[in-house]
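What follows is a single structure, written as structure tokens, with notes after it.
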Amino acid sequence: MIDKNSEMEKAFIMVVLLVIFTGCVSEDQNNNNQTYENTIQDESYEVEKELPAVESKPNFSLAIHPLQLSNPLWKMPIKFNLSVEKGIDSYRGNITIKAFYAALYELQNMTSLSFNEVSLEEAQLVVEINTSLKHVKAEALGVSMIEKYIPHQDYNEIVKARIILTPIYSCAAKIEALHELLHTLGFDHSRETNSIMYEYGAVCTSKVTSSIRQTLSALYN
């Protein structure tokens, strides 16, 4: 004869054990899920802790060439616009245009300077090629001026400048263009007769001297 009470007790105990076992498995699964979530969060946190790149600052103490402004700097790229006076002789005009772009290329090769050609409305540096500079300076081959700059604690930020060039022949066209470009970067005239920044005359033997290169490197490393 089977004891029904005993059988019922055994069944009850089995149900209780099953419930306890199921609960343990569920808790272990939850613990595993929680551990995985914490791992993902930790990995994400590690990524967020990555420090931003530190920008290098110009070493103004190395600037030795005479400057129009103390520690002059442009933000890169320098936005420029080049225009040619209507009716200008195309042969002479093209020589000056090519010379100007060659001067830009040389500056970019020497430093971290960069230029971006834009519309006149957007331009910070306005470059004009005119047949005559009588309205500005009759005896000059080119004229340049810094029209606006913003003083900061450690430097003067140039934000607006202008260059006017007269079409000329031979290698002097590039020399004159580079001379005026350096003025718009804040460079003053030099007493070195072989320097491209010598005040009197742009000749084919004029060159970018070591003092100019060192100052460019100090400003635009």
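If the Kirkwood radius is taken over C-alpha pairs of segment 64-219, then at 10 °C and 1.306 mPa s the Stokes-Einstein diffusion coefficient equals 101 µm²/s. Between Gln153 and Lys98, the FRET efficiency estimated from the beta carbon spacing at R0 = 25 angstrom works out to 0.05. Ranked by the mean number of other Cβ atoms within 10 Å of their residues, highest first, the peptides 169-176, 68-75, 203-210 fall in the order 169-176, 68-75, 203-210.
In terms of packing, defined here as the mean over residues of other Cβ atoms within 10 angstrom, the peptides 191-200, 85-94, 98-107 line up highest first as 98-107, 191-200, 85-94. Pairs spanning more than 21 Å between alpha-carbon atoms, out of Lys174/Lys207; Lys75/Lys148; Lys75/Lys160; Lys75/Lys207; Lys148/Lys174: Lys75/Lys207; Lys148/Lys174.
Every read-out reported here was derived from the displayed coordinates using simple, explicitly stated rules and does not represent laboratory data. For clarity, every value in this text was computed on a predicted model and none was experimentally measured. All Cβ positions, glycine included, derive from the backbone under ideal geometry; neighbour counts span all protein chains shown.
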